[in-house]
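The block underneath contains the structure these notes are about, expressed in structure tokens.
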Amino acid sequence: MKEYWGSLASVLGVLAFCQSLLQVLFPPELRFAALKLFNRIFNVFNSYCYFDITEIDGVNTNELYNAVQLYLSSSVSISGSRLSLTRALNSSAITFGLTNNDTLFDTFNGVNVLWEHIVTQRQAQTFSWRPMPDEKRGFTLRIKKKDKSLILNSYLDYIMEKANDIRRKNEDRLLYTNSRGGSLDSRGHPWESVPFKHPSTFETLAMDPAKKGEIMKDLKDFANGQSFYQKTGRAWKRGYLLYGPPGTGKSSMIAAMANYLGYDIYDLELTEVHNNSELRKLLMKTSSKSIIVIEDIDCSINLSNRKKSTANNSSIGRSYCDPEMRSGPGVGVGAGDEGGNSITLSGLLNFTDGLWSCCGSERIFVFTTNHVDKLDPALLRSGRMDMHVFMNYCSFPALKILLKNYLGREESDLDEGVLKELEEVIDKAEMTPADISELLIKNRRNKDKAVIELLEALKERAERKSKSGECVREKNLNDVEEEEQEKRALDSPKEGCAFDESCKKDEEDEEKKIK
């Protein structure tokens, strides 16, 4: 044993002597040059190249580092055995990430790449106005040299887009409203926001499935249509007009659109906007990937049809003091009557389809109204309101969705006779989804009773509708007869007056001749 330790000490002494000899014969500069030459020779024969993405670029945060971190956190890419879990501020989801000095393989267009998360301790810092983190973090991307052009041109752009999508999905969506009287909040923004938690989706929306599918396809084409809009030279925006009786689900449709696309909602209250300039400023402060909503636009301010207004006022003299006459025909939409509100129809049209409407991208304008015939045609044309969606009374396919939502009853769970009666009476009753939902909510604990009471309510409503329809028809006939009698009564005096006038004219002519 002593001989073993003695030989080991001799070997260590020889190694120490050789190390000191090498340091004397090969100074640090020579060793560094030799190492550099070795790396170059190695790189010539190496088929891989490496790219470092540090967390901090100088004094600024590297956006590409954050994007890579988000991209690698997606469930599709994660395959490591040891991961870190994080949850960002204002986020509703937990994200995964690589731990220190861990690696992960990814595939893009058939090309395999390797990501490595490198964490090292930073050297002790001297005094600095902006202290750096104690750890130095970064990602190293290893790819084959032959795939260098493909990765740099496409892969990194793909990572940035994917990271933005993940960030938007993880963040809580917000519902904005314009501040009262155009005031600004503490950050100088004219919009106030609250988290948007509306649970409405297209699956739960009581609407004809074919129409829902058409709307969903149109929304998806819009969200994925950046290249199409750029190629055609159109602003990346789209307008939807939702019209129909109250209680048919217009607000639920807007919430379903926001949840489907992951967009924020800006609920614009026109009565709180004083003029066109303020309207433009509100538009400038909206973000991309958002839905701008004006609900009940026919009730917010005066946006009546100019043709009807002109026809109604043609026989009535109007003075120059009328504000609508001063602002031009059909332009004034509420000056003076709304507490100083002087928004014009022209300003609203420019808001939806003018130059200022394209100051952002990927925006959807949604107008709702109960009386579409009261709106000016200029507001409804394509380019402003591209898709008109009529929210009708509850149909049989929509009724089946409501029964599934509130009672958990599928079509196969219902009696065929009851189902047939419901199908026959639903269109005649003209009940809104809101009315039917209320009936189902009241009796949701007793599902059979809920279906029976719903059928009775539908039959009762259909009966009332048929009786009221007969009364209306009789009233219309009576009105027509009365109008005809009035016309005949008015025509007979006119004939007598004409005969008297001709007689007087003849008498005057005879008197003139005599004179």
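Taking 0.36 nm per residue of separation and subtracting the current Cα-Cα distance, fully stretching the chain between ASN39 and GLU416 would add 127.7 nm. Distance between the 7 Å Cα→Cβ label points at TRP5 and SER84: 4.6 nm.
Keeping the other protein chains in place, figure out the carbon and sulfur percent of the accessible area of region 179-283, with a 1.4 Å probe. Intermediate results must be reported in sequence, preceding the final value.
Working: 2580 of 5160 Å².
Percent of accessible area from carbon and sulfur atoms in region 179-283: 50.
Each peptide in 428-438, 10-20 receives the mean, over its residues, of other Cβ atoms within 10 Å, and ordering these scores from highest gives 428-438, 10-20. Accessible surface of SER466, taken over heavy atoms with a 1.4 Å probe and every protein chain present, rounds to 60 Å². Placing R0 at 22 angstrom, the Cβ-Cβ distance between ALA378 and ASP296 gives a FRET efficiency of 0.70 after rounding to 0.05.
Between THR99 and SER287, the modelled labels are 3.4 nm apart [label points 7 Å from Cα along Cα→Cβ].
Straightening the chain between SER227 and ARG180 buys 13.1 nm, computed as 0.36 nm per residue apart minus the Cα-Cα spacing. I'd like the distance between the alpha-carbon centres of region 132-178 and region 219-262, rounded to an integer number of Å. Centre-to-centre (Cα) distance: 27 Å.
For region 204-219, putting each phi into the Karplus relation 6.51 cos²θ - 1.76 cosθ + 1.60 with θ = phi - 60° gives couplings of 8, 6, 7, 7, 4, x, 5, 5, 4, x, 5, 5, 4, 5, 5, 5 Hz, in residue order, rounded to whole numbers and with x for Gly and Pro.
With 30 Å as the limit, the listed pairs LYS136/LYS220; LYS148/LYS220; LYS250/LYS442 have LYS136/LYS220; LYS148/LYS220 beyond it between alpha carbons. Among the listed pairs LYS420/LYS459; LYS145/LYS231; LYS211/LYS428; LYS374/LYS428, those with a Cα-Cα distance over 24 Å are LYS145/LYS231; LYS374/LYS428. Site pair ILE56 and GLU463 shows an inter-label distance of 8.0 nm when each label is modelled 7 Å from Cα along Cα→Cβ. For ALA16 and CYS359, the difference between the fully extended length at 0.36 nm per residue and the C-alpha to C-alpha distance is 116.3 nm.
The values are calculated or read from the model by the stated rules, or taken from the named source; none is laboratory data. Being a predicted model, the structure only gives us computed values, none of them experimental. Methodologically, a virtual Cβ is constructed for each residue, glycine included, from the backbone with ideal geometry; neighbour enumeration extends over all protein chains shown. Please note that ligands, DNA and RNA were not included when accessible areas were found on the heavy atoms of the full protein model with its side chains. Shrake-Rupley method; radii C 1.70, N 1.55, O 1.52, S 1.80 Å.
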